[in-house]
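Remarks on the structure that follows.
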Amino acid sequence: MTVDSSVPPSVETIPESPPAPVLPLQVHLKGEDGKLLLILPPETPNSDGAAAAAIAWPDLWLQLKQRLGAGERFWEPNTPVHLMAQDRLLDGRQLQEIANALSECQLQLERVSTGRRQTAVAAATAGYSVEQQSVAISFLNKPNPKPGQALAEPLYLQTTLRSGVEVRHPGTIVILGDVNPGSSVVADGDILVWGRLRGFVHAGAKGNAQCLIMALQMEPTQLRIADYVARAPENPPAEFYPEVAYVTPQGIRIAKATGFVRPNLEEKD
């Protein structure tokens, strides 16, 4: 039998599998150390180009309601909730809707961790503890941070911090309002309070002793700059005026803000 070599052998073509759809990331609830973490999916696309991973607020809200209402609840009543908002932009109304949904399930929104300054401002204004996590450019007129330590853009808050509220930020914090007893402010940069400072404040939290703490009325329960600690005097002064706290080789000192010149820590008094 002869074979016609001009006719190619039969080849079975296998169709390519369609690409797997990119599913949006999900809202997660996770118990950890006596609290409940509410983790929102990121708002920006992933580095691998999964643009569909971002979901709009109505869909996110529906997911949250489904998570809270589905299955057996594994949390105790009045469990504190830490909202991990990541890079998602949330305003005061959306934060209130989240808090209301949690309250219906006997959960209490307590802290908001975010990489967006707008979300941090909205959360602090609403009275929640805030932790902002981001890296950006250092504060103008700010001494150089320690090697390898980058500061975020300053965080500006126009609110009064009530007792129980904590604000953390990897840069300078400026508060237009009071810091009440029982509240705390922790910054990797400076802390400026345009009001009464009566709570706990920690500037230079990553170890930068060149940072400053300034307030119109300085009455803190405790001051910390880097690893240095100071307490307010037992008897408050008869007259208040803007003051600045800074570090010297002998520890933290407080001086009038008028005419203040930052000292050189390398020089001894």
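The values are calculated or read from the model by the stated rules, or taken from the named source; none is laboratory data. Everything numeric in this text was worked out from a predicted model, so none of it was measured. Don't worry about glycine lacking a Cβ; one is built from the backbone with ideal geometry, like all the others, and counts go over all protein chains shown. Side chains are part of the model used for accessible areas, which takes the heavy atoms of the whole protein and leaves out ligands, DNA and RNA. Shrake-Rupley method; radii C 1.70, N 1.55, O 1.52, S 1.80 Å.
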LEU176's amide H: which non-local residues (gap 5+, or another chain) put their own amide H closer than 5 Å, with H modeled 1.01 Å from N in plane and none for Pro or chain starts? LEU157, GLN158, THR159, TRP194
Of all the accessible heavy-atom surface of region 159-267, with the other protein chains kept in place and a 1.4 Å probe, what percent is carbon and sulfur? 48
Once each part is reduced to its C-alpha centroid, what is the distance from region 93-136 to region 207-269 in angstrom? 31
Counting Lys and Arg as +1 and Asp and Glu as -1, what is the net charge of the other residues whose Cβ lies under 10 Å from the Cβ of GLU166? 0
Quick check: from the Cα gyration tensor, does region 148-204 come out rounded (a/c under 1.5), prolate or oblate? prolate
Mean Cα-pair separation over length for region 156-210, i.e. relative contact order, pairs under 8 Å, 6 or more apart, %: 31
What nm distance separates the two modelled labels at TRP57 and ARG93, each placed 7 Å from Cα along Cα→Cβ? 0.6
Label-point separation, ASP33 to TYR156 (7 Å along Cα→Cβ), nm: 3.3
Amide H neighbours of THR79 at under 5 Å, excluding residues fewer than 5 places away on the same chain, with H built from the backbone geometry, are GLN108
Each label sits 7 Å from Cα toward the beta-carbon; between ARG73 and GLN217 the label points are separated, in nm, by 4.2
